[in-house]
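The values are calculated or read from the model by the stated rules, or taken from the named source; none is laboratory data. Please read all numbers here as calculations on a predicted model, not as lab measurements. Virtual Cβ from ideal backbone geometry, glycine too; neighbours counted across all protein chains shown. The area values use the complete protein model at the heavy-atom level, side chains included, leaving out ligands, DNA and RNA. Shrake-Rupley method; radii C 1.70, N 1.55, O 1.52, S 1.80 Å.
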Amino acid sequence: FEAIQRNSNLLLVQGVGYVGDGTTRSEDTTSVGGNNIGSKSVKVEEYLENVVGTQGIAKLKKTQPTLFQLSLGGKVQPAVEYLLSLLLGYVSPLESIPSKQKKLLTKIIINHNNLLQLDVDSNLKSTALFLRDYCDLTDSELGTVVGSNPSILGLAVDGNLLPKMQLLTNILAKGTEQDNSIAESDVTKTALRKSILKHPQILSLSTSNICTKMDYFDSIDVKSDTGKIGNTLAARLLSTAPSVYSLSLAENVIPKVNYLAALWGWHSLSSKLCECPLLTLSMDNIQQTLSFYNMTGYIDLPNEDGTGVSRENASNVRSRYIATSLYNRLLPRWNFLLQEQERKEQLLGVLAENNDDANRLETTKYHLPSSTTPRDKVLLPPLHLLAGASDEVFCRQLNLSLSEYSAFKEEAVPRLKFNSQFDRWLKTGRPIDMIAL
């Protein structure tokens, strides 16, 4: 009923899926999955149901009923087959599609069904070839880009994609390291290709949107007084973390930049942000990790009633350490160190009572803050070991058993994540994600 309300012309045909006067034109006499289908039996609905299923058809009827009035052989099937060839990198019948690609194709047809109304040669194929040639993509890489952002196939080349590509190329040209043996254009094209593959969604942004982000990142360079002509922050972020350009400036990027500027100061902010794609993290993530470093004594953050952030030892915390996983690395390591410290203190007490030689048990020079550790005895392990080293290096340098730590981590990580999500549920009502645990 809702479909007919939106498009009363549906009442003039024999039903959803009807494409002609009761018979199908010769162009609609085609094969589905390699099987020859009679001209009278092939309809758009029947064809698409082989791809999207019954539920998908019901959704298409509700959201895009005009799709079923298109010519099967002239529009729908050629478009579906071409989209499939892009995703696979080769031509294949529908019946032999791998399940992963079939799910992706179904998602594209349901959510981007306007692509089925475009001409394959003059629209879809010309746009895909432009993307492949301009960014020097392989067939497999082109399929990845299209699968991640199907809507780009509906964008005009001359009026949209070409100016956007030129803008992105100009930004990257300010940040690519030049090699005398490689032409500048080749270096920039390689950087553009990597950026597009990392975040194909950037091609859906308007040029004005991208320019606004670029100008803001350039303003950070000015405040940091970097004096950089090349390797600007805008270029560095586009190269290493292009998804930052898809974030809202007012609601996402600027609050994080101001917070980090209060931590490090504007003078070093640009170089710190260039070091690691920190702006892709959420504000909660950044604040929780810095809170951990504050509670463990690595930096000094203000109390809840304080204003601003103390930069007394903030330089100890590099941006890559803030990007370190709190629940998969920092908390498991810290809690394991506390556990080992408590165990050794108990053993030392037993040895002392028995007048045994306790010196042979003292194998670490680091002492974490605890209820039994005097303040003047606290000696934190280097932050590069706690946050930056691999598990193997972390355990070797701190004289820990890698097997014991691995077992502890496997048990502790789900528990730590649950505790965090439980606290968040109490505060915000956000459901606990048991699958992630």
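Label positions at E275 and Q101, each projected 7 Å from the Cα along the C-beta direction, are separated by 4.4 nm.
Could you give the length gained by full extension between K194 and E46, i.e. 0.36 nm per residue of separation minus their alpha carbon distance, to one decimal place?
Working: separation 148, 0.36 × 148 = 53.28 nm, distance 4.00 nm.
Once the chain is fully extended between K194 and E46, it gains 49.3 nm.
Of M165, M214, M295, which has the most accessible area with a 1.4 Å probe, and how do the rest follow in descending order?
M295, M214, M165
Spacing of the modelled spin labels on Y216 and L162, each 7 Å from Cα toward Cβ, amounts to 3.0 nm.
Averaged per residue, the stretch 51-103 has 48 square angstrom of accessible surface, using a 1.4 angstrom probe with ligands and nucleic acids left out. List the trypsin sites (Lys or Arg not before Pro) within the stretch 365-407 that fall in a DSSP loop (any state other than H, G, I, E or B) and whose Cβ has at most 15 other Cβ atoms within 10 Å. The qualifying sites are K365.
Would you mind getting me the FRET efficiency between D136 and N285? Use the beta-carbon distance for r and R0 = 51 Å, nearest 0.05. Walk me through the numbers on the way to the answer.
Working: r = 34 Å, r/R0 = 0.68.
Using R0 = 51 Å, I get an efficiency of 0.90.
Ordered from largest to smallest accessible area (heavy atoms of protein chains, 1.4 Å probe), the residues E49, E392, E251 come out as E251, E392, E49.
In the neighborhood of D121, defined by Cβ-to-Cβ distances under 14 Å, what is the net charge if each Lys or Arg adds +1 and each Asp or Glu adds -1?
Working: positive: K75, K125; negative: E81, D119.
Net charge in that neighbourhood comes out at 0.
Per-residue accessible area (protein heavy atoms, 1.4 Å probe) orders Y134, Y321 as Y134, Y321, starting from the largest.
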